[in-house]
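Enquirer: Encoded as C-alpha cells, here's the structure I'll be asking about.
The values are calculated or read from the model by the stated rules, or taken from the named source; none is laboratory data. Values in this document were obtained by computation on a predicted structure and should not be read as measured data. As a convention, Cβ positions derive from the backbone with ideal geometry for all residues, glycine included, and neighbour counts pool all protein chains shown. Please note that ligands, DNA and RNA were not included when accessible areas were found on the heavy atoms of the full protein model with its side chains. Shrake-Rupley method; radii C 1.70, N 1.55, O 1.52, S 1.80 Å.
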Amino acid sequence: MELITKFFEHILGRIWILIRWIGFALYTGIVLGIVSSAFSYCLRTGIAARNENPQLIILLPVGGLLIAGFYKLLDYSKDGGTNLVLESIQSGKEIPLRMTPLIFVSTVVTQIFGGSAGREGAALQIGGSVGNFLGKLFKLNANDKKVFIMSGMSAAFSALFGTPVAAAVFSMEVVSVGIMQYSALVPCTIASLIASAVAVRTGAVPERFTVTNIVDFSLITAGKTIFLACLCAGISVIFCILLRQTGKAFTKYIENRYHRVVFGATLIIMFTVYVNSWDYSGTGMELIERAIDGEVYPTAFMWKMLFTAVTLACGFKGGEIVPSFCIGATFGCLFGQLMGMSPSLCASIGMVSLFCGVTNCPISSLLIAIELFGIDALPYYLLAISISYMLSGYYGLYHSQKFVFSKYKAEEIDGQVH
C-alpha cells in the first residue's frame, strides 16, 4: 500500500509540474507571439519602404543618430545584447525590460535606412527580456526564471523565422556548448509552437526554400561536401573575428557614439556606391533566395561580411544570424558553380554549415535545414554541419557562450568563445 501511495504521489507531483509549465509556456508563447508579430510587421513594412525607395540609404547617418539618441534617452549605454541574455541564463544577471523597445525600434530603423543586419538576434533579445519580466511577474525562483528566459527566446525566434522545432532547441543549445538544459524542453517547445501559430494567424509567412537539382549522395559528392564544410568553417571563424575586431576598432578610435555611428553609416553609403548595388542592405534574404536559385555574384559573401561588420560595429542594431545565412548561401552557391555541383544544393549546405560554425549549435542547425529545405538532402546537411562544428573551433558570435565539453576529445573543459 505504501508503495502504491508513493507511486501516485510521484505521478501527481510530475503532472502538477507539467500543468504548471504548460500554463506558463502558453502565456509566454501568446505574449511573445503577439510582440514578435508586431515586430515582424514593422520589419516587413520598413523593408518594403526601403525596397521602394532605396535612396533612403542617404539618411542612414540620421537613422544611426536616432538609435544612439534613443539608447541615451532610456539610459542604456552599456548594451549587452544577446550576450546579456546568455549571461542571465548562466548566472542570473538581470535583463532590463527596456531592452525590448530599444532593440525593437532600433532594428526597424536599421532596416528602413539600409543597414546590413539581421532580425533573429533582435528576436532573442526581445524574447529574453520579456521572458525575464514574466518570470519576475509570476514571482518564480532564480532557476525557473532562467527557464522562462529560454522559453521567451524560443517563442520570439519561432514567431519571427517560422522554424518552431529549431527554435525550441536553439535557446537550450546556444547557452552552453556540449550540454542542454533539458528541464526547459517542455516549456520551450510549447512556447515555440504557440508563438509560431500566433504569428501565422497574424499574417507572418514562415521562411521556406525549394532546393533544386539534388544529386544522389555518393563518395564524390560527399567529398565535395566535406570540402565545402571545411571552407565554411574557416569563413565562420573569419566572420566572427571580423565582427569582434571591427567593433573593438570603432570603439577604440571613435569614442563618441554619435561620431561613431555617423562615420560607420558614411562608410556603408560609400561601399554601396562603390559596388553599385543595394543587395547588401538589410538582412540579405533576397540574396539568399537568389543563391538558392543558383544565382550569385562571386564576391557577394565577402561584401556581406564587410557590410554587416561595419553596420553592427558602429552602433546599428539587429543580429548576425540572417547575415551569416546569407554569407553561407552565397559562398555555397559560388562553390557549387566552381566545383560542378548543384549551386542550389551547395547554397543550402553552405547556409546551415556556416550558421553552425558561428553559433556552435549543430542540432539546431540540422533542424533549421529540415524546416527550411526539407529532408531530401539530409545526408549532405548532417555531414556538412558535423564537419563545420568541429573545424570552427572555439569561435562564435556570442562571447558569453560557454564550452562545457571539448570539440575534439571526450573531456570536459571550461572555455569561452574566442
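Enquirer: Please find, within region 158-181, the residue that is surrounded by the fewest Cβ atoms within 10 Å (Cβ to Cβ) out of those that are out of contact with any Leu (no Cβ under 6 Å at 6 or more places or on another chain) and under 14 Å from Ser36 (Cα atoms).
Expert: If we take residues in region 158-181 being out of contact with any Leu (no Cβ under 6 Å at 6 or more places or on another chain) and under 14 Å from Ser36 (Cα atoms), then Gly162 is surrounded by the fewest Cβ atoms within 10 Å (Cβ to Cβ).
Enquirer: Among the residues of region 377-401, what is the count of those that are open to solvent by 20 Å² or more (accessible area, probe 1.4 Å) and either among the aliphatic types (A, V, I, L, M) or within 21 Å of Gln245 (Cβ to Cβ) (or both)? Please lay out each step first, then the result.
Expert: Taking region 377-401 first, the residues open to solvent by 20 Å² or more (accessible area, probe 1.4 Å) are 378-379, 382-383, 386-387, 389-391, 394-395, 399.
Now restrict to residues that are either among the aliphatic types (A, V, I, L, M) or within 21 Å of Gln245 (Cβ to Cβ) (or both): 378, 382-383, 387, 390-391, 394-395, 399.
Result for region 377-401: 9.
Enquirer: Please state which of the following conditions Lys224 fails to meet, knowing it meets all the rest: (1) open to solvent by 30 Å² or more (accessible area, probe 1.4 Å); (2) under 23 Å from Pro362 (Cβ atoms); (3) not in a helix (DSSP H, G or I).
Expert: (3)
Enquirer: Restricting attention to helices (runs of 4 or more DSSP H) lying wholly within region 258-370, give those where 2 or more residues are in contact with a helix residue (DSSP H, G or I) (Cβ under 9 Å, 6 or more places away or on another chain) and surrounded by fewer than 24 Cβ atoms within 10 Å (Cβ to Cβ). Spell out how you get there, then give the answer.
Expert: On the way: elements: 285-292, 300-314, 321-339, 343-359.
Output list reads 285-292, 300-314, 321-339.
Enquirer: Report the residue count in region 334-377 for those that are free of Cβ contacts under 8 Å to residues at least 12 places away in the same chain and more than 18 Å from Ala300 (Cβ to Cβ).
Expert: Step one: of region 334-377, the residues free of Cβ contacts under 8 Å to residues at least 12 places away in the same chain are 338, 340, 375.
Retained after the next criterion (residues that are more than 18 Å from Ala300 (Cβ to Cβ)): 340, 375.
Total meeting the criteria: 2.
Enquirer: Kindly indicate whether Val404 is open to solvent by less than 20 Å² (accessible area, probe 1.4 Å) and aliphatic (A, V, I, L, M).
Expert: Values: open to solvent by less than 20 Å² (accessible area, probe 1.4 Å): no; aliphatic (A, V, I, L, M): yes.
Here the answer is no, as Val404 does not meet what is asked.
Enquirer: Residue under question is Thr251, and the condition is that it be under 30 Å from Thr311 (Cβ atoms), modelled with pLDDT under 95 and in a helix (DSSP H, G or I); does it hold? Break it down stepwise before answering.
Expert: Values: under 30 Å from Thr311 (Cβ atoms): yes; modelled with pLDDT under 95: yes; in a helix (DSSP H, G or I): yes.
Here the answer is yes, as Thr251 does meet what is asked.
Enquirer: Can you pull out the helices (runs of 4 or more DSSP H) entirely within region 25-129 that have at least 2 residues that are modelled with pLDDT of 95 or more and open to solvent by less than 50 Å² (accessible area, probe 1.4 Å)? Full working, then the answer.
Expert: Values: elements: 60-73, 81-91, 99-113.
By residue number, 60-73, 99-113.
Enquirer: So the check is Cβ under 8 Å with 6+ separation or different chains; which pairs have a first residue in region 197-213 that's over 11 Å from Ala159 (Cα atoms) and a second one that's open to solvent by 60 Å² or more (accessible area, probe 1.4 Å) and in a loop (DSSP other than H, G, I, E, B)?
Expert: Listed pairs, sorted by first residue: Val211/Asp376; Thr212/Asp293.
Residues are listed down the side, and each one gets a yes or a no for (1) of a type in the set (Ser, Thr, Tyr); (2) under 16 Å from the mean Cα position of the chain (by Cα):
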{"site": "Cys326", "(1), (2)": "no, yes"}
{"site": "Gly336", "(1), (2)": "no, no"}
{"site": "Gly340", "(1), (2)": "no, no"}
{"site": "Phe355", "(1), (2)": "no, yes"}
{"site": "Leu366", "(1), (2)": "no, yes"}
{"site": "Tyr381", "(1), (2)": "yes, no"}
{"site": "Ala384", "(1), (2)": "no, no"}
{"site": "Ser406", "(1), (2)": "yes, no"}
{"site": "Glu412", "(1), (2)": "no, no"}
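Enquirer: Looking at Ser388, Ser344 in this structure, which one is modelled with pLDDT of 95 or more and closer than 26 Å to Met153 by Cβ?
Expert: Details: Ser344 fails: closer than 26 Å to Met153 by Cβ.
That would be Ser388, the only listed residue that is modelled with pLDDT of 95 or more and closer than 26 Å to Met153 by Cβ.
Enquirer: Any residue in region 90-110 that is under 19 Å from the mean Cα position of the chain (by Cα), of a type in the set (Ser, Thr, Tyr) and closer than 21 Å to Gln401 by Cβ?
Expert: No: region 90-110 contains no residue that is under 19 Å from the mean Cα position of the chain (by Cα), of a type in the set (Ser, Thr, Tyr) and closer than 21 Å to Gln401 by Cβ.
Enquirer: Of all residues being in a loop (DSSP other than H, G, I, E, B) and open to solvent by less than 40 Å² (accessible area, probe 1.4 Å) in region 196-214, which is nearest to Ser348 (Cα to Cα)? Just the residue, please.
Expert: Across region 196-214, the extreme among qualifying residues is Val211.
Enquirer: Whether any residue in region 228-246 is over 21 Å from the mean Cα position of the chain (by Cα) and either among the hydroxyl-bearing types (Ser, Thr, Tyr) or open to solvent by 70 Å² or more (accessible area, probe 1.4 Å) (or both) is what I want to check.
Expert: Checked against the condition, which is being over 21 Å from the mean Cα position of the chain (by Cα) and either among the hydroxyl-bearing types (Ser, Thr, Tyr) or open to solvent by 70 Å² or more (accessible area, probe 1.4 Å) (or both), region 228-246 yields no hits at all.
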